[in-house]
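Taken together, the values in this text are just the output of simple stated rules run on the coordinates, not laboratory data. As the structure is a prediction and not an experimental result, all values here were calculated from the model. Every residue, glycine as well, gets a Cβ built from its backbone with ideal geometry; the counts of neighbours run over all protein chains shown.
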Amino acid sequence: MIVSPERIPVAGPSITDREPELAAEAARTAWYGNHYAYNARFEQMLTDYVGVAHAVSLPHCTSGLHLALAALGVGPGDEVIVPNVTWIASVAPIVYVGAEPVLVDIRADTWCIDPDAVEAAIGPKTKAIIGVDLYGSMCDWDQLQAVADRHGLHLIEDSAEALGSSLNGRKAGAFGRVSAFSFHGSKTVATGEGGMLATNDTGLFDRVLFLRDHGRAPGDRFFQNSEIAFKYRMSAVQAALGVAQMERIDELIAHKRAIFRWYQQRLSGLQGVALNAEPNGVVNSYWMVTIVPDASFGLDKFQIMEGLNKRNIDSRPFFSRLSDLQAFDDRPVSKRFVRPDERGAAIARGGVNLPSGYNMDEAKVDIVAAAVKEIFGARA
Ligand SMILES: Cc1ncc(COP(=O)(O)O)c(C=O)c1O
């Protein structure tokens with residue numbers, strides 16, 4: 001049995017001397033009139049890169065989705081259609097604003113929300129759709145936009161995992177009326193914790209700036225709050241880390257794509273095991289290299305993870321179907337379109353994220369790929 005001589009972690013950032021240099025500079029200088037300078041730089045770099053008009057730095061992506069829904073006026077009595085297979089952070093903010101998530105199936109190839117399933121779930125209470133660019137894949141944004149337009153719905157893009165991906169030349173985060181990114185330490189651009197909301201809609205953006213600062217106008221110096229709202233701000237030191245990471249964005253995305261290519265070269269002969277999709281017109285930034293085996297292998301994700309763990313390799317399970325989580329036990333309304341045999345069920349049962357951190361090199365991918373082949377070969 002192949003055993004890695006050192007533990008291979010599943011995720012982690014790329015930190016050079018530049019990140020602590022800028023973080024230290026921010027800790028020294030981002031005070032008084034300069035307190036927002038690094039946040040403003042980080043926001044400008046993201047808007048330039050993604051190709052949107054406005055962005056605001058936040059404590060995390062979850063707050064971005066929360067602000068998006070609140071600014072769009074989604075609230076009690078409303079429903080928001082979301083993919084059944086995603087991280088719970090895509091969906092929890094719907095409950096924060098008092099609305100109801102409605103879970104629908106994902107596509108077999110991209111693992112993103114199925115626009116046909118979205119359309120079938122639209123009812124009189126539907127207010128919005130959240131598409132999630134899962135693991136760097138791109139949603140079918142043209143179709144989702146068409147559905148949203150036909151029914152007068154807001155389209156929100158959860159691009160937490162897809163910074164650097166694009167569809168027909170347009171970057172992830174530029175498709176929803178409003179989108180949100182994550183800079184959690186495991187993400188493509190990392191600030192430890194952190195997030196950003198992006199939009200082209202100036203009126204909506206103004207509302208977001210108001211809501212994220214306890215319901216007062218930006219620049220208010222007199223503590224004149226006109227609504228009870230939220231406090232969602234990113235610290236200057238985190239923003240400085242973000243600036244340093246954005247300076248290196250092309251190199252970071254190239255490294256992610258190289259990691260995927262190394263895996264693809266080694267695993268392409270493994271029949272019945274799918275990797276992340278990159279359909280025509282898409283550039284996938286491959287946040288997490290992911291394997292999804294056929295059910296015929298008879299292995300679920302936890303068994304595969306245990307096989308990797310025994311070989312000193314860390315991994316992560318594909319997100320579970322939200323409808324299978326205890327957190328949704330008391331939400332029958334959310335689950336009314338869920339079927340036991342939907343596509344997401346098999347994907348979520350068998351999928352595993354392989355080590356995809358920036359410390360991966362070809363030698364480490366050699367070990368992980370050999371371990372994967374051993375695990376499947378033994379049962380094939
Ligand atoms: C798809 C998706 N949405 C939202 C989030 C939330 O991001 P954050 O942890 O920055 O709030 C994550 C992060 O893990 C995610 O993967």
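Decide, for segment 230-364, between rounded, prolate and oblate: order the square roots of the alpha carbon gyration tensor eigenvalues as a ≥ b ≥ c, take rounded if a/c falls under 1.5, and otherwise choose prolate if a/b is larger than b/c, else oblate.
Note, shape of segment 230-364 comes out oblate.
With a cut-off of 14 Å between beta carbons, the residues surrounding Ile122 carry a summed charge of -3, where Lys and Arg count +1 and Asp and Glu -1.
Rounded to the nearest 20, the size of the Cβ-charge dipole of the chain about its Cα centre is 360 debye, with Lys and Arg at +1 and Asp and Glu at -1. Looking at the chain alone, DSSP beta bridges between its own residues are antiparallel in about 55 percent of cases.
Comparing Asn276, Ala346, Pro317 along the charge dipole axis of segment 249-377, the residue lying farthest to the positive side is Ala346, per the Cβ-charge model. A Cα-only calculation for the chain places Rg and Dmax at 20.9, 69 Å. Within straight-line reach of Lys127, meaning a Cα separation under 22 Å, sit the following lysines at least 8 residues removed in sequence or on another chain: Lys335. Computed over neighbours whose Cβ is under 11 Å from that of Ser137, the net charge equals -4, Lys and Arg +1, Asp and Glu -1. Taking segment 42-64 and a reference point 7 angstrom along Cα→Cβ of Asn200, the backbone N atoms nearer than 18 Å belong to 46-56. With both labels modelled 7 Å from their Cα along Cα-to-Cβ, the Ala27 to Ala120 distance reads 5.4 nm.
Listing Trp287, Trp262 from fewest to most neighbouring C-beta atoms within 10 Å gives Trp262, Trp287. Add +1 for every Lys or Arg and -1 for every Asp or Glu among the other residues with Cβ under 9 Å from the Cβ of Asp213, and state the total. Value of the local net charge: +3. For the chain, the Cys residues with no second cysteine's beta carbon closer than 4.7 Å are Cys61. When only alpha carbons are used to place a centre, segment 220-288 and segment 76-92 end up 21 Å from one another.
Relative to one another, the C-alpha centroids of segment 126-188 and segment 16-46 are positioned 28 Å apart. Placing pseudo-labels 7 Å out from each Cα toward the beta carbon at Asp17 and Asp341 gives an inter-label distance of 6.2 nm. Relative contact order, percent, of segment 249-377 when contacts are C-alpha pairs under 8 Å separated by at least 6 residues? Rounded, it is 35 percent for segment 249-377. By the rule of a C-alpha distance below 20 Å, with chain neighbours fewer than 8 residues away ignored, the lysines paired with Lys301 are Lys310, Lys373.
Largest mean-square fluctuation among Leu103, Leu308, Leu65, in a Gaussian network model of the chain whose springs join Cα atoms under 10 Å apart, belongs to Leu308. Ranked from largest, the principal axis spans of the Cα set of segment 46-167 equal 38, 31, 25 Å.
Contact order for the chain, expressed relative to its length and based on alpha carbon pairs under 8 Å spaced 6+ residues apart, stands at 24 percent.
Rounded to the nearest 20 debye, what is the charge dipole size of segment 144-184 about its Cα centre when +1 sits on each Lys and Arg Cβ and -1 on each Asp and Glu Cβ?
140
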